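The values are calculated or read from the model by the stated rules, or taken from the named source; none is laboratory data. It should be emphasised that the depicted structure is a prediction, and the values quoted were computed from it without experimental measurement. Counting neighbours? That spans all protein chains shown, and the Cβs are built from the backbone with ideal geometry, glycine included. Note: areas computed on protein heavy atoms with side chains; ligands, DNA, RNA excluded. Shrake-Rupley method; radii C 1.70, N 1.55, O 1.52, S 1.80 Å.
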Amino acid sequence: MSPSMIAPVVEEENKKYQKGVKHLCDNGVTKVPTKYIWPVHDRPIFTKSDKLIKPKQNLKLPLIDLAELLGPNRPHVLQTIAEACETYGFFQVVNHGMEGDVSRNMIEVCKRFFELPYEERSKYMSSDMSAPVRYGTSFNQIKDNVFCWRDFLKLYAHPLPDYLPYWPSSPSDFRSLAATYAKDTKEMFEIMVKAIIESLEIDGGDEAVEELEEGSQLMVVNCYPPCPEPELTLGMPPHSDYGFLTLLLQDDVEGLQILYRDEWVTVDPIPGSFVVNVGDHLEIFSNGRYKSVLHRVLVNSTKPRISVASLHSFPLTSVVKPSSKLVNELNPPQYMDTDFATFLQYVSSREPKWKNFLESRKIHYIR
């Protein structure tokens, strides 16, 4: 076949993948297309021999009881938060008040959104990273050389009245259920961010708390359909989160892995809990004391998985820098000032990988 004949075929194949993995699965895909096959050194290891040599590792993250945090045991809980942010970059929150209908309804209505016909979902497809609503696939479907086994719906959520009219109107109860969830997760974030600032022992941290409470909120709904060959691909590649804190709600299907002591370990999903993780902005703000940790997502061959990540940070117009309370002659700034525009420019010009953006903001001192 001549090059002139190959080009249209390749273009047609790429168009098919741009429609997402849910579309592929709905059309009966039985093998992972080449576009989704990761290099051998990046793939998860599922071989029988590996299972015989090394048993599956699941990680129980430190548990933060929100009722305890708000009670007389607060100093002890703050110490646990500090240790979790330094050691794991992750912890799980229980007794947060959202164990009931709010969380269940959010997972259920998101499942129904992804079960809509492709034509309905595709109304929200956009390559504009600042669009108030964006439906897409992979990690960055414009830049990714290899696709990952994931479709997403991204919703800007604060200020809620500004964005709510743009959110999907189908299913008919999507907006009302997602709006309740967005408000409740923002309230939880506000409780957690006060605890985080307090755990850093920052005197006069109220200014940062106020700025973060008025900051950005982006909700990302992730759909990972069953994959015929999960050993060849990833639901999401290794990455850290751009933002201050992420609050993650999962269904009961495991898939989240974090890099802990140079090993990929699976996080045990605790029903009704939230996984909270340090973002790049918190690592910068804490001047490196708290770490945004690499994480990725595995897929499986039998069960679909839904997760909802609520990413919170400073306002999009703010400059993010190490807290002046944590910087001195003995501990100089470890990161350059940054803002959302710098981040957008960075990720729009290359394929996002690992912690590359944060690494690009580090200051390297000559000693």
State the number of residues belonging to region 241-252 that are outside any strand (DSSP E or B), closer than 23 Å to Arg361 by Cβ and at pLDDT 90 or above.
3
Any residue at all in region 115-135 that's of a type in the set (A, V, I, L, M) and open to solvent by 40 Å² or more (accessible area, probe 1.4 Å)?
yes
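Among the residues that make up region 143-155, is at least one of them in contact (Cβ under 8 Å) with a residue 24 or more places away in the chain and more than 26 Å from Cys25 (Cα to Cα)?
No.
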Would you check if there is a residue in region 307-323 being more than 17 Å from Leu212 (Cα to Cα), small (Gly, Ala, Ser) and open to solvent by 40 Å² or more (accessible area, probe 1.4 Å)?
no
For Val297, are the conditions met, namely being closer than 22 Å to Leu248 by Cβ, buried (at least 18 other Cβ atoms within 10 Å of the Cβ) and touching a helix residue (DSSP H, G or I) at 6+ places or on another chain (Cβ under 6 Å)?
no
Output the qualifying pairs, or none if there are none: Cβ atoms under 7 angstrom, residues six or more apart or on different chains, first residue in region 270-286 and more than 13 Å from Phe314 (Cβ to Cβ), second residue charged (D, E, K, R) and open to solvent by 10 Å² or more (accessible area, probe 1.4 Å).
Pro271/Asp252; Gly272/Glu99; Asn277/Asp241; Val278/Lys291; Glu283/Lys291
I want to confirm something. Restricting to region 161-199 and keeping residues that are hydroxyl-bearing (Ser, Thr, Tyr) and surrounded by fewer than 17 Cβ atoms within 10 Å (Cβ to Cβ), which single residue is farthest from Ile107 (Cα to Cα)?
Tyr166
Residues Leu234, Leu212: which one is touching a residue at least 24 places away in the same chain (Cβ under 8 Å), touching a helix residue (DSSP H, G or I) at 6+ places or on another chain (Cβ under 9 Å) and not in a helix (DSSP H, G or I)?
Leu234
Being under 19 Å from Cys85 (Cβ atoms) and open to solvent by 10 Å² or more (accessible area, probe 1.4 Å): is that true of Lys303 here?
no
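For Phe152, indicate whether it is at pLDDT below 95 and open to solvent by less than 30 Å² (accessible area, probe 1.4 Å).
Working: at pLDDT below 95: no; open to solvent by less than 30 Å² (accessible area, probe 1.4 Å): yes.
The answer is no for Phe152.
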The one condition Asp144 fails out of (1) crowded, with 16+ Cβ neighbours inside 10 Å; (2) over 19 Å from the mean Cα position of the chain (by Cα) is (2)
Only one of Arg350, Arg289 is at pLDDT below 95 and open to solvent by 70 Å² or more (accessible area, probe 1.4 Å). Can you tell me which?
Arg350
Which residues, taken from region 27-51, are in a helix (DSSP H, G or I), open to solvent by 90 Å² or more (accessible area, probe 1.4 Å) and either modelled with pLDDT of 85 or more or farther than 27 Å from Tyr88 by Cα (or both)?
Thr34, Val40, His41, Lys48
In region 66-101, anything in a helix (DSSP H, G or I) and in contact with a Lys or Arg (Cβ under 9 Å, 6 or more places away or on another chain) is listed as Glu68, Ala82, Cys85, Glu86, Thr87
Residue under question is Ile107, and the condition is that it be open to solvent by 70 Å² or more (accessible area, probe 1.4 Å), outside any strand (DSSP E or B) and β-branched (Val, Ile, Thr); does it hold?
no
Top-ranked residue in region 57-93 [being of a type in the set (Val, Ile, Thr) and open to solvent by less than 30 Å² (accessible area, probe 1.4 Å); ranked as nearest to Arg150 (Cα to Cα)]
Val93
When you scan region 151-167, do you find a residue that is small (Gly, Ala, Ser) and over 27 Å from Asn73 (Cα atoms), even just one?
yes
